[in-house]
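The values are calculated or read from the model by the stated rules, or taken from the named source; none is laboratory data. These numbers come from a predicted model, not from an experiment. Note that we place each Cβ from the backbone using ideal geometry, even for glycine, and neighbour counts take in every protein chain shown.
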Amino acid sequence: MKQIPFALAGALALLYAVSGCSKPGAGLAPLATGTMAALKVTLHPSPAPATPFKDGAGVVHTLADFQGRVTLVNLWANWCPPCKAEIPSLATLAKAEAGQPFAIVPISVGKDADEVAGRVFIAAHPPLTFYTEPTYSLAFAFKPPAGDMPTTIIFDRHGMERARLPGGADWSSPQAKAVIDELLAEK
């Protein structure tokens, strides 16, 4: 009689593990292929840092402002060729996901003339919005810190980091859209 509940518990544990529910990001890991091969799935999701940054009008924001949406944060700089190369693909992804609870937050770490040039560069790639945080405080507030440019960090609707991609990527690819769509499908 004691074996039945034990056997049932074992079967349920096996079913849970096989279904992928036992690991955060289990649905994202198989999507790290092609243009998303460098995607690092976050095994222990952590909340977005509360470090402030500004939009082009000088309004202060934090990543908490985007909670409720899947949020792709792209740390970039105008002086960084791979950063600039991927911005058009981010704009394409933003257009493809229009109407979804999804936000792309490109945050420039450039200062002075680079910040001004970055503002002009983002304006040429609608529907992206210009954000800036030139002190690098936000980049180092992530755990682990985002030291390389570009770095993209993806948060789920609850504001938890789910994946990051160091270096440039083609965000207009079907693989990138699949990563975002997987997170959009989660509740």
Leu93 vs. criteria in a loop (DSSP other than H, G, I, E, B) and hydrophobic (A, V, I, L, M, F, W, C): no
Within the range 148-158, is even one residue modelled with pLDDT under 95 and closer than 15 Å to Leu75 by Cβ? yes
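Just give me the residues in the range 110-135 being in contact with a Gly (Cβ under 9 Å, 6 or more places away or on another chain) and either assigned to a helix (DSSP H, G or I) or modelled with pLDDT under 95 (or both), in sequence order.
Gly110, Val116, Ala117, Gly118, Arg119, Ile122, Ala123, Pro134
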Quick count over the range 45-70, residues being in contact with a strand residue (DSSP E or B) (Cβ under 6 Å, 6 or more places away or on another chain) and hydroxyl-bearing (Ser, Thr, Tyr), is 1
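Considering each residue of the range 137-187, count those that are loosely packed, with under 15 Cβ neighbours inside 10 Å and at positive phi, and give that number. Full working, then the answer.
Taking the range 137-187 and keeping what is loosely packed, with under 15 Cβ neighbours inside 10 Å, we get 137, 140, 143-145, 147-148, 158, 167, 174, 185-187.
From what is left, the residues that are at positive phi are 167.
Here the count works out to 1.
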Any residue at all in the range 47-60 that's hydroxyl-bearing (Ser, Thr, Tyr), assigned to a loop (DSSP other than H, G, I, E, B), in contact (Cβ under 8 Å) with a residue 40 or more places away in the chain and farther than 26 Å from Thr35 by Cα? yes
Of everything in the range 140-172, what is in a loop (DSSP other than H, G, I, E, B) and of a type in the set (A, V, I, L, M, F, W, C)? Give them in sequence order. Phe142, Ala146, Met149, Ala169, Trp171
Scan the range 73-113 for residues that are in contact with a helix residue (DSSP H, G or I) (Cβ under 7 Å, 6 or more places away or on another chain), over 14 Å from Ala169 (Cβ atoms) and aliphatic (A, V, I, L, M) and report the count. 6
Within the range 83-116, residues being in contact (Cβ under 8 Å) with a residue 24 or more places away in the chain and farther than 26 Å from Pro49 by Cβ number 6
Residue under evaluation Pro49, criteria (1) loosely packed, with under 13 Cβ neighbours inside 10 Å; (2) modelled with pLDDT of 90 or more, criterion not met: (1)
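Within the bounds of the range 120-130, is there any residue that is within 23 Å of His44 (Cβ to Cβ), β-branched (Val, Ile, Thr) and either surrounded by fewer than 21 Cβ atoms within 10 Å (Cβ to Cβ) or touching a residue at least 12 places away in the same chain (Cβ under 8 Å) (or both)?
No.
With the requirement that a residue be of a type in the set (D, E, K, R) and buried (at least 17 other Cβ atoms within 10 Å of the Cβ), what does the range 66-104 give you?
Arg69, Lys84, Glu86, Glu97
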